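The values are calculated or read from the model by the stated rules, or taken from the named source; none is laboratory data. Bear in mind that the values here come from a model prediction, so they are computed numbers and not experimental data. As a convention, Cβ positions derive from the backbone with ideal geometry for all residues, glycine included, and neighbour counts pool all protein chains shown. To get the accessible areas, we keep the full protein, side chains included, count just its heavy atoms, and leave off ligands, DNA and RNA. Shrake-Rupley method; radii C 1.70, N 1.55, O 1.52, S 1.80 Å.
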Amino acid sequence: MNLDHIRNISIIAHIDHGKSTLADRLLQMTGTVTDREMKEQLLDSMDLEREKGVTIKASAVRMIYKYQGEEYEINLIDTPGHVDFSYEVSRALQACEGAILVVDASQGIQAQTMAHLFAALEQNLTIIPVINKIDLPGAMPDEVAQEIEDLLGVPAEDIPRISAKAGTNVEAVLEQVVQQVPPPKGDLNAPLRALVFDCQYDPYKGVIAYVRVVDGQINGTPALLAMSTGKTMEPLEVGVLTPAMLATNSLHAGEVGYIATGLKSVQDLDVGDTITLASKPAQERLPGYKPMKPMVFAGLYPSNPDDYGDLRDALEKLQLNDAALVYEPETSQALGFGFRLGFLGLFHMEIVQERLEREYDLDIIFTAPSVEYKVVKTDGTVLAIDSPAQLPDPTQIERIEEPWCELRIFTPAEYIGPVLDLVTKRRGELKNQNWLDTKRVEIVCMIPLSEIIVDFYNELKARTRGYASMDYTLDEYRPSDMVKLDILVNHQPVDALSVIVHRDDAYHKGQKLVSKMKEIIPRQMFTVPIQAAIGNKVISRANVQALRKDVLSKCYGGDVTRKRKLLEKQKAGKKRMKMVGQVEIPQEAFMSVLRLE
Ligand code: GDP
Ligand code: MG
């Protein structure tokens, strides 16, 4: 199709504001998917997306929309990876000229609305703001329109007010896309350059690259070259996504589609790479994506050591689907063989945990998450450390630096007090308060990353009745008085329970941890002392009293069902226990540092 009649767009939104629902409606309205198929295919995968927070299968969908008697090709590019991460979203945006920004009429602008918006503006995209969920009783479309006008300068009355769920006024969104989003530019006669914005493995066709062709064209199935890896490909077919793959055997500048590359493994192709013709390669590759750096780390162990192989397989598979996940083998004295995982952030970690448990049905133990510290040793060397176990002897440490971030919290004004209190308690410093209107405010503060990875989000939600949202970006490393807090169970330090904490919080956290352990660790046949220590110094202790031998005899002769219940309860409990030395420690103990408040 002629370039003037192509629009490449993405939909961005804070989670749950209606991105997927709007995508559904657009597909239906343009007849891309029939009403019958809608139920059978898409909603299913959308459900999956909603439930797991991961992207739908199709990374791009071509829609044909008739506007004023002319047909337009609208490519809707779904944001790959997790909707929560602006840097992941930005790579889809790089393949577009415009973005539909969906804002929930009952909630207004939220933290991730802003994060995604900034990412879109960075790519110079045309933004089409849309107010969704006007059918909700709590909808405040006028207020939200004003917020958007103040933010973007788009006149409030020009912003479509829709219900994606009911299908109300959705047409207005497509009209604005055609009118306002510029058509793609690109030189049809230049050497081929296609940006790979996502890829996926297809059991029949091998690695499928989703591409935006920036320059040139592909006709037929010529030999291709991935510019950064230097790998050549003998593609099987090229085409567009409707959302099913439809071979067209040609793609040209400005278009979005797929290349069945013929490669056998997803590892053979990097997302962000440029594909060109092997016979007539382009001179320069397109700007790729910034490599993503993990920010949060945690140990992962199988509950049952025999499952180590299964866990490794699961991680391998998961990584194919989630390039941002990194891992390496790790060993713990207490937990045996496992892995150290790196995540982009909190939401990412939650999703990975959830997927491992649900999709791979594994019984796993995660240790408390940690950030990456910089440890400057007395001999001048600098170590990057993301696990308490790696910390050198205190006498060799000159100083420790920890990552700080800029945290932006959106909240109704009545919760400013409780939010600031939380920020201060977590060593945060207030930087700015921006009023969105008379009722809502954006709080900007600087805070150590380690303070927000441990139960911060839940606490924030609890203090604001679920109304606040947050987003953060890494800022700088600052020197900090951090110490390693060890937990000793029955006089043995359990490495997987150690945490790195600020010295000021060490006593408080030590006490809380010890009393929590006392609750969690079941009574054994002997008394089990539990201690928190910094180096050799014990700062808190408690005992798990020995089990009274007559625990069952109490039921003897009495209620049989009660006795059976007790035994069954003990048996069920056993499965999720880990023997450490002579003591059984339940799985939840290893994450208990997350729930200290
Ligand atoms: P996403 O996370 O942005 O993709 O949001 P979803 O499309 O998954 O929608 C989140 C929730 O809001 C779902 O329960 C939808 O049914 C609901 N929803 C989406 N659009 C509307 C709407 O226009 N009106 C109402 N009442 N609910 C909506
Ligand atoms: Mg969704």
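Can you bin the stretch 217-278 into rounded, prolate or oblate? Criterion: square roots of the alpha carbon gyration tensor eigenvalues sorted a ≥ b ≥ c, rounded for a/c under 1.5, prolate for a/b above b/c, oblate for the rest.
Judged from the Cα gyration tensor, the stretch 217-278 comes out prolate (a/c at least 1.5, a/b above b/c).
Work through the residues other than Ile487 whose Cβ is under 12 Å from its Cβ and net out their charges, Lys, Arg +1 and Asp, Glu -1.
Within the 12 Å Cβ shell, the charges total +4.
Tell me, what % of the accessible area of the chain is carbon and sulfur with a 1.4 angstrom probe?
Numbers: 13130 of 27000 Å².
Its accessible area is 49 percent carbon and sulfur atoms.
May I ask for the Kirkwood hydrodynamic radius of the stretch 127-248, worked out over all distinct Cα pairs and given in angstroms to one decimal?
Every distinct Cα pair counted, the radius reaches 18.2 Å.
Could you work out the helix-only [θ] at 222 nm for the chain, with each DSSP H run of four or more residues adding -39,500 (n - 2.57) and the total divided by the number of residues, to the nearest 500 deg cm²/dmol?
After summing the helix terms and dividing by the residues of the chain, the value is -7500 deg cm²/dmol.
Quick one: which residues, 5+ away or cross-chain, put their amide H under 5 Å from the amide H of Ser540? H built at 1.01 Å from N.
Under 5 Å from the amide H of Ser540: Ala532.
If the cut-off is 16 Å between C-alpha atoms, which aspartates and glutamates fall inside it for Lys185, apart from same-chain ones fewer than 8 positions away?
Answer for Lys185, where 16 Å is the Cα cut-off: Asp4, Glu73, Glu97, Asp215, Glu255, listed by chain and number.
Note down the relative contact order for the chain as a percent, whole number, built from C-alpha pairs under 8 angstrom at least six residues apart.
So the answer I get is 9 percent.
Summing +1 for each Lys or Arg and -1 for each Asp or Glu, what net charge is found among the other residues whose Cβ lies under 14 Å from the Cβ of Leu192?
Net local charge, Leu192 excluded: -1.
Can you sort Arg478, Arg312 by 1.4 Å-probe accessible area, starting with the largest?
Result of the area sort, largest leading: Arg312, Arg478.
So for each of 506-515, 402-411, 437-446 I average, over its residues, the number of other beta carbons within 10 Å; can you give me the resulting order with the highest mean first?
Values: 506-515: 18.6, 402-411: 22.1, 437-446: 16.5.
For the peptides 506-515, 402-411, 437-446, the packing ranking is 402-411, 506-515, 437-446.
Per residue, how many Å² of accessible area does the chain show with a 1.4 Å probe? Mind showing how you got there, number by number?
Details: 27000 Å² over 597 residues.
Accessible surface, normalised per residue, equals 45 Å².
So what's the angle, to the nearest 10 degrees on a 0 to 90 scale, between helix 43-52 and the longest Cα principal axis of the chain?
Once rounded, the angle reads 40 degrees.
Over the chain, what is the percentage of antiparallel beta bridges among all DSSP beta bridges, to the nearest 5?
85 percent
Lys/Arg Cβ at +1, Asp/Glu Cβ at -1, dipole of the chain taken about the Cα centre: which of Asn543, Gln396, Val271 is farthest positive-ward?
Of the candidates, Asn543 comes out farthest on the positive side.
What's the angle, to the nearest 10 degrees (0 to 90), between helix 170-180's Cα axis and the longest principal axis of the chain?
Between the helix axis and the principal axis of the chain, the angle is about 70 degrees.
Considering only Cα-Cα distances, which of the following residue pairs are longer than 31 Å: Lys19/Lys439; Lys377/Lys518; Lys293/Lys509; Lys133/Lys425?
Pairs exceeding 31 Å: Lys377/Lys518; Lys133/Lys425.
What does the convex hull of the Cα atoms of the stretch 392-470 come to per residue, in Å³, rounded to a whole number?
87 Å³
Tell me, in nm to one decimal, what length is gained between Glu316 and Leu136 on full extension, where the rule is 0.36 nm per residue of separation less the Cα-Cα distance?
60.5 nm
Determine the distance separating the Cα centre of the stretch 268-322 from the Cα centre of the stretch 447-502; give it in Å without decimals.
27 Å
Restricting to Cα pairs below 8 Å that are 6+ residues apart, what does the relative contact order work out to for the stretch 370-434? Please round to a whole percent.
This gives 28 percent for the stretch 370-434.
Helix 111-122 sits at what angle to the longest principal axis of the chain, using alpha carbons and giving 0 to 90 degrees rounded to 10?
Rounded to the nearest ten degrees, it is 40.
Taking square-rooted eigenvalues a ≥ b ≥ c of the alpha carbon gyration tensor, is the stretch 87-177 rounded, prolate or oblate, where a/c under 1.5 means rounded and, failing that, a/b exceeding b/c means prolate?
prolate
Counting Lys and Arg as +1 and Asp and Glu as -1, what is the net charge of the other residues whose Cβ lies under 14 Å from the Cβ of Ile539?
For residues surrounding Ile539, the net value is +3.
Of the listed peptides 361-373, 206-218, what is their order by residue-averaged count of other C-beta atoms within 10 Å, with the highest listed first?
206-218, 361-373
When every alpha-carbon pair in the chain is counted, what percent end up more than 36 Å apart?
46 percent
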